[in-house]
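Some notes on the structure that comes next.
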Amino acid sequence: MSTSQANSLRNGPDERGRFGIFGGRFVAETLMPLVLDLDKAYTAAKNDPAFQAQIDFMQRDYVGRPSPLYLAERLTEKFGGAKIYMKRDELNHTGSHKINNCLGQILLAMRMGKTRIIAETGAGQHGVATATVCARFGLPCVVYMGTTDIERQKPNVFRMKLLGAEVVPVTSGTGTLKDAMNEALRDWVTNVDNTYYLIGTVAGPHPYPAMVRDFQSVIGNETKAQMQEREGRLPDSLVACIGGGSNAMGLFHPFLDDRSVKIYGVEAAGKGLETGEHCASLKGGSAGVLHGNRTYLLQDEDGQIKDGHSISAGLDYPGIGPEHAWLHETGRAEYVSATDKEALEAFQLCSRLEGIIPALEPAHALAFVSKLAPTLPKDHLMVMNMCGRGDKDVFAVADHLGVTL
Amino acid sequence: MTTRLDKRFARLKTEARAAFVTFITAGDPDFDTTLAILKGLPAAGADVIELGMPFTDPMADGPAIQASTQRALKAGASMMKTLDLVRRFRASDSDTPIVLMGYYNPIYHMGVELFLSRATEAGVDGLIVVDLPPEEDDELCEPAMRAGLNFIRLATPTTDDRRLPAVLANTSGFVYYVSINGITGSASPETRNVAAAVARIKRHTSLPVAVGFGIRTPEQAAEIARNADGAVVGSAIVDAIAAEIDPQGRVKPGAAERVLAFVRKLADGVHGARATAAE
């Protein structure tokens with residue numbers, strides 16, 4: 001029997017944009033009217049079948065959805081336990097799940113009459129996806145990217161430029177994702193009239209966390225239908241990596257009320273949780289307020305935000321989406337972590353055994369799968385979100401492995 | 001309850017002067033220099049002092065204040081030291097209002113009730129917390145009011161007439177009108193727009209309206225002072241402080257005196273504004 005509406009874990013956020021105590025709208029007054037407008041526009045669009053039809057059409061013909069649910073036989077055999085399925089969102093146009101959200105948001109931006117798009121990016125996948133939809137719909141695009149990330153993600157910087165976007169280097173802080181987000185917010189405050197801020201993850205002021213989750217939920221909805229078709233039942237567990245947490249939220253959300261499904265989010269443990277050099281906001285952080293929402297943050301004893309560390313630029317964010325913070329506190333999802341070293345090993349293993357070079361981000365998820373799967377029976381159905389492909393990471397990985405290209 | 005801010009604005013009104021509101025970042029470039037500047041501000045003509053609480057991620061601030069925050073944190077600034085600056089200032093000045101300005105996280109991390117008791121004990125009069133809009137009033141605004149502190153809200157060009165009443169509802173002390181859409185220290189406001197905006201806000205409230213963002217010279221400060229109850233200068237003073245740091249990162253001797261001399265020029269602009277206008 002399905003869970004009744006009142007007890008559903010899928011009802012959040014409330015009218016204040018909160019998941020339990022997390023979420024909210026902690027923004028400067030200049031932005032507040034814009035955030036309220038966006039909420040109204042998104043609510044109207046969500047209930048408009050024409051808007052959904054537009055997204056569905058583009059998802060099929062432009063992005064290439066649905067992405068396959070693939071049984072990874074050789075990894076299953078290697079780990080010797082659970083049956084491992086991969087949700088192949090790395091096969092999407094632009095090479096990651098990021099396009100799912102960008103497509104929804106740019107169609108919304110156009111509905112709202114906005115004529116200029118800005119975005120922040122860490123690994124560059126969200127920047128590339130934003131630049132892609134901007135090219136497709138003919139809107140100017142400015143992407144803020146930290147200088148550290150620009151250095152480690154050169155191929156994506158060039159891709160964005162090819163797509164016609166302006167990439168603005170951000171030098172403040174450590175030049176990573178959080179600094180890029182600060183700079184994008186400053187741009188938005190300055191250009192409120194014509195500009196739409198296309199946030200790439202399930203964070204930021206309400207309605208962003210809910211909206212991005214909704215656009216990414218295509219991942220979980222497809223997974224549910226595909227697993228039903230393949231195995232005639234629900235999966236037993238879901239595993240996804242988490243920076244801000246958009247790919248994970250997209251996979252998890254449609255399953256929140258299916259209590260038999262175990263849910264695991266994998267944070268980046270960097271050089272190890274004990275070293276302090278990591279990006280595990282839930283396992284190594286505490287509740288705070290940043291970038292428009294209350295969530296778990298990496299911070300010091302004075303409430304100053306600490307810089308994360310991860311081999312993966314896409315996970316290098318000191319916060320996490322507020323809905324994850326809530327799922328963590330309620331215990332519905334379990335959050336674990338994988339180190340740089342474990343992710344590198346999983347990266348190579350997946351390449352050799354499955355012929356799939358994963359992005360370093362989902363390599364973290366796979367690293368956890370490699371630990372969990374062997375402990376489970378062979379009829380356990382596990383879905384891991386292969387949310388991005390590794391082309392962008394080959395230079396960085398070669399560097400870590402001591403190979404000169 | 002009559003607060004130091006209420007008294008100060010009431011007195012200025014009887015003197016037919018606009019308030020000169022100065023902003024500096026606590027601990028920039030170091031604790032001792034901030035304390036020296038802070039203590040000298042009233043004599044240099046500051047009517048109200050805004051003291052910035054350093055935060056690693058000042059999302060609404062431009063390059064000048066971002067850099068000042070970074071300098072302060074690097075020099076060991078913290079919430080406790082910021083409150084200590086207020087306490088030491090208050091020991092020798094019981095009249096000049098001090099408003100702490102910053103972002104919510106360091107306050108939330110300390111704990112709202114603990115922060116409020118420490119702030120009132122130190123002699124803080126009001127708070128400006130950039131990332132707490134009226135929608136989040138139960139977080140800090142309401143507890144602060146109960147603790148006897150003024151909660152000063154920012155109104156902006158995007159705050160329309162429909163929204164203004166909500167923004168003003170729990171505001172006390174004064175209203176801070178942000179004259180441009182943008183970050184601190186960016187483009188200067190147009191006087192005509194500012195006058196119209198101040199008039200618009202005054203239709204909704206009897207509170208004094210101070211105007212800030214983008215005021216850099218005594219002339220601009222004077223222009224604003226003719227049209228508002230107060231002029232706020234931040235980035236320009238913070239830039240003057242930055243100029244007192246040598247290439248080796250050391251604070252030059254006599255730094256506080258030179259910064260205060262610059263503040264005095266701005267103050268003269270504000271305080272002479274209405275006299276000039278009357279001529």
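When residue A:21 is tested against the conditions (1) within 14 Å of chain B (Cβ to nearest Cβ); (2) surrounded by 18 or more Cβ atoms within 10 Å (Cβ to Cβ); (3) in contact (Cβ under 8 Å) with a residue 12 or more places away in the chain; (4) of a type outside the set (Lys, Arg), the lone failure is (2).
Does residue A:373 fit the bill of being hydrophobic (A, V, I, L, M, F, W, C) and more than 23 Å from residue A:125 (Cβ to Cβ)?
Details: hydrophobic (A, V, I, L, M, F, W, C): yes; more than 23 Å from residue A:125 (Cβ to Cβ): yes.
So residue A:373 fits the description; yes.
Listed conditions (1) of a type in the set (D, E, K, R); (2) in contact with a Pro (Cβ under 9 Å, 6 or more places away or on another chain); (3) within 30 Å of residue B:59 (Cβ to Cβ) are all met by residue B:265, apart from (3). If I ask for residues that are touching a residue at least 12 places away in the same chain (Cβ under 8 Å), over 16 Å from the mean Cα position of the chain (by Cα) and more than 13 Å from chain A (Cβ to nearest Cβ), which ones from the range B:139-151 would you list? B:142, B:143, B:144, B:145, B:147, B:148, listed by residue number.
In the range A:215-323, which strands (runs of 3 or more DSSP E) lie fully inside it and hold 1 or more residues that are under 19 Å from the mean Cα position of the chain (by Cα) and among the aromatic types (Phe, Trp, Tyr)? So that I can check it myself, show each step before the final result.
Values: elements: A:237-242, A:262-270, A:286-290, A:292-297.
Hits in the range A:215-323: A:262-270, A:292-297.
Quick one: is residue A:204 crowded, with 24+ Cβ neighbours inside 10 Å, on the phi > 0 side of the Ramachandran plot, under 22 Å from the mean Cα position of the chain (by Cα) and in a loop (DSSP other than H, G, I, E, B)? The answer is yes for residue A:204. Meeting the requirement of 2 or more residues that are touching a residue at least 40 places away in the same chain (Cβ under 8 Å), the helices (runs of 4 or more DSSP H) wholly within the range B:152-252 are B:191-202, B:218-227, B:235-242. Residues in the range A:182-201 that are without any contact (Cβ under 8 Å) to a residue 12 or more places away in the chain and either more than 8 Å from every other protein chain (Cβ to nearest Cβ) or acidic (Asp, Glu) (or both): A:193 only. Taken over the range A:172-181, residues that are polar (S, T, N, Q), surrounded by fewer than 24 Cβ atoms within 10 Å (Cβ to Cβ) and either more than 9 Å from chain B (Cβ to nearest Cβ) or in a helix (DSSP H, G or I) (or both) amount to 1. The listed residues are B:106, B:54, B:58, and the only one of them that is within 14 Å of chain A (Cβ to nearest Cβ), outside any strand (DSSP E or B) and touching a Leu at 6+ places or on another chain (Cβ under 9 Å) turns out to be B:54.
Only residues that are over 21 Å from residue A:206 (Cβ atoms) and surrounded by 19 or more Cβ atoms within 10 Å (Cβ to Cβ) were counted in the range B:124-143, giving 5.
Within the set A:9, A:103, the sole residue that is assigned to a loop (DSSP other than H, G, I, E, B) and either of a type in the set (Val, Ile, Thr) or within 27 Å of residue A:320 (Cβ to Cβ) (or both) turns out to be A:9.
Conditions (1) at positive phi; (2) in contact (Cβ under 8 Å) with a residue 60 or more places away in the chain, marked per residue:
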{"site": "A:283", "(1), (2)": "no, no"}
{"site": "A:292", "(1), (2)": "yes, yes"}
{"site": "A:309", "(1), (2)": "no, no"}
{"site": "A:318", "(1), (2)": "no, yes"}
{"site": "A:343", "(1), (2)": "no, yes"}
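Taken over the range B:72-93, the criterion of being closer than 25 Å to residue B:258 by Cβ, within 13 Å of chain A (Cβ to nearest Cβ) and surrounded by 21 or more Cβ atoms within 10 Å (Cβ to Cβ) is satisfied by B:72, B:77, B:82. Filtered by the rule that a residue be of a type in the set (A, V, I, L, M) and under 22 Å from the mean Cα position of the chain (by Cα), the range A:46-77 gives A:55, A:58, A:63, A:69. Taking residue B:118, is it within 14 Å of another protein chain (Cβ to nearest Cβ), at negative phi, of a type in the set (D, E, K, R) and surrounded by 22 or more Cβ atoms within 10 Å (Cβ to Cβ)? For residue B:118, the condition - within 14 Å of another protein chain (Cβ to nearest Cβ), at negative phi, of a type in the set (D, E, K, R) and surrounded by 22 or more Cβ atoms within 10 Å (Cβ to Cβ) - is not met.
Read the figures in this text as sums done on the coordinates, not as results from a lab. No experiment lies behind these values; they were computed from the predicted model shown. Every residue, glycine as well, gets a Cβ built from its backbone with ideal geometry; the counts of neighbours run over all protein chains shown.
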